[in-house]
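Working notes, beginning with the structure itself.
The values are calculated or read from the model by the stated rules, or taken from the named source; none is laboratory data. These figures come from a predicted structure and were not determined experimentally. FYI the Cβ positions are ideal-geometry reconstructions off the backbone, even for glycines, and counts take in every protein chain you see. These area figures cover heavy atoms from the full protein model, side chains too; ligands, DNA and RNA do not enter into them. Shrake-Rupley method; radii C 1.70, N 1.55, O 1.52, S 1.80 Å.
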Amino acid sequence: MKNKQVSDNWERGSPYEQYAGRWSRRVAPLFLSWLSVPAGQRWLDVGCGTGALCAAILDCCSPSSVTGIEPSEGFLKTATENLAGRAALYRGSATAIPLSDSSVDVVVSGLVLNFVPNQRAALAEMARVTRKGGTIAAYVWDYAGKIELMRFFWDAAVALDPDASKLDEGTRFPLCRPEGLEKLFVGAGLEGVEVEPIDIPTPFANFDDYWQPFLGGQGPAPAYAMSLDETARVRLRHRIRERLQIAANGSISLTARAWATRATVAK
Amino acid sequence: MDRRLLEILVCPLCKGELIYQKEQRELVCRADRLAYPIRDDIPVMLESEARRISLEEYDALKPRQAPLE
């Protein structure tokens, strides 16, 4: 099999929307409602991507300001269009945040931490820019467990090709488990660390609606699907289809879980 | 650039103050001798994208004045 390199490249816009963006967007309001931060706060979104979480903060939390930082130029361009001047956006890294100490009240990061190479450095930076007593919170997909649309894919892929397990996010991302998140936040010296699951339904109208986004090539699973030759890809498709519970009307009801963490910066 | 935003924006490396060079569309860190470009109104606060400034440019820079009372 050729070209089986890991692809965590989220640069381009639309295939990502079909594969993950449409579900990611649904987590943000649930996460914010769990945080229940009072109005009038200064927010920072680390790894703001295309601006989905920033938009939810603006819509749900009556912030006094929203700042987003994001290393990807492509994502930030989309975020600029989506947010139309309602948030201050900078290109920047989670491990070198370009904001002064104690300059915000709440720092959030949605579905990002698994992609940050040095997570401890990122948490230290998040704590530095947050005022004493402020909130730091994040959520990550439960790659190892209940993100069923990916689980069905990787379980089938690994059954047919054991080497595929090296690409499975559930294997590669240690931070997708609640223990990993808690350890990271406690290790950063934060107080009152809490971890909570957030489940969202990911309904598909039919098998094609489920399968098509995997052909977009963007993200590890789609990149793997497109690295296969046609015969192997058809075999994988059949294997997944066999395992999925498909309702009489053709629809498929799956669930995706994210783990959310929140903590307070020590006074 | 919004002045209020400039006040919390710092050099990502040393966390020191930045000097806004309006004509060059850059934010300059004197301590690190780096100029961060502003592209399409978005400050690019990444070391890898910053320009090292020459000694002449450095000498011409004045540290940002303290805000008036």
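Can you find a residue that is within 13 Å of chain B (Cβ to nearest Cβ) and under 17 Å from A:Pro29 (Cα atoms) anywhere in the stretch A:78-86? Yes: one or more hits. Annotation note: Cβ proximity below 6 Å between a residue of the stretch A:163-175 that is more than 18 Å from A:Gly110 (Cα to Cα) and a residue that is at pLDDT below 85 and surrounded by fewer than 19 Cβ atoms within 10 Å (Cβ to Cβ) (sequence gap 6+ or interchain) occurs for A:Ser165/A:Thr171; A:Leu167/A:Val6. In the condition set (1) out of contact with any helix residue (DSSP H, G or I) (no Cβ under 7 Å at 6 or more places or on another chain); (2) modelled with pLDDT of 90 or more, B:Ile42 is compliant with all but (1). Screening the stretch B:15-45 for residues that are in a loop (DSSP other than H, G, I, E, B) and more than 10 Å from chain A (Cβ to nearest Cβ) and picking the one that is nearest to A:Gly68 (Cα to Cα) gives B:Arg25. Applying a threshold of 6 Å to beta carbon distances and a minimum spacing of six or more residues, or different chains, the list of pairs starting in the stretch B:21-45 at a residue that is without any contact (Cβ under 8 Å) to a residue 24 or more places away in the chain and open to solvent by 40 Å² or more (accessible area, probe 1.4 Å) and ending at one that is in a strand (DSSP E or B) and not polar (S, T, N, Q) reads B:Gln21/B:Val28; B:Arg25/B:Ile38.
So, in the stretch A:134-149, of the ones that are in contact with an Asp or Glu (Cβ under 9 Å, 6 or more places away or on another chain) and farther than 28 Å from A:Ala124 by Cα, which residue ends up least open to solvent (accessible area, probe 1.4 Å)? Looking at the filtered set, the residue picked out is A:Ile147. Scanning the stretch B:46-59 for residues that are open to solvent by less than 90 Å² (accessible area, probe 1.4 Å) and facing chain A (nearest Cβ under 10 Å) yields B:Leu46, B:Glu49.
Step by step: first the residues of the stretch A:108-126, then only those that are outside any helix (DSSP H, G or I) and either farther than 14 Å from A:Leu44 by Cβ or of a type in the set (Asp, Glu) (or both), then the one that is farthest from the other protein chains (Cβ to nearest Cβ). Which residue is that? If you could, list the steps in order and put the result at the bottom.
Step one: of the stretch A:108-126, the residues outside any helix (DSSP H, G or I) are A:108-112, A:116-118.
Imposing the further condition that a residue be either farther than 14 Å from A:Leu44 by Cβ or of a type in the set (Asp, Glu) (or both) reduces the set to A:111, A:116-118.
Values: A:Leu111: 21, A:Val116: 14, A:Pro117: 14, A:Asn118: 14 Å.
Residue satisfying both the conditions and the ranking: A:Leu111.
Using the structure shown, decide if A:Leu53 is facing chain B (nearest Cβ under 10 Å) and closer than 23 Å to A:Glu196 by Cα. Answer is no for this residue.
When the residues of the stretch A:108-126 are narrowed to those that are without any contact (Cβ under 8 Å) to a residue 40 or more places away in the chain and under 26 Å from A:Gly21 (Cα atoms), which ends up surrounded by the fewest Cβ atoms within 10 Å (Cβ to Cβ)? So, considering only residues that are without any contact (Cβ under 8 Å) to a residue 40 or more places away in the chain and under 26 Å from A:Gly21 (Cα atoms), the one surrounded by the fewest Cβ atoms within 10 Å (Cβ to Cβ) is A:Pro117.
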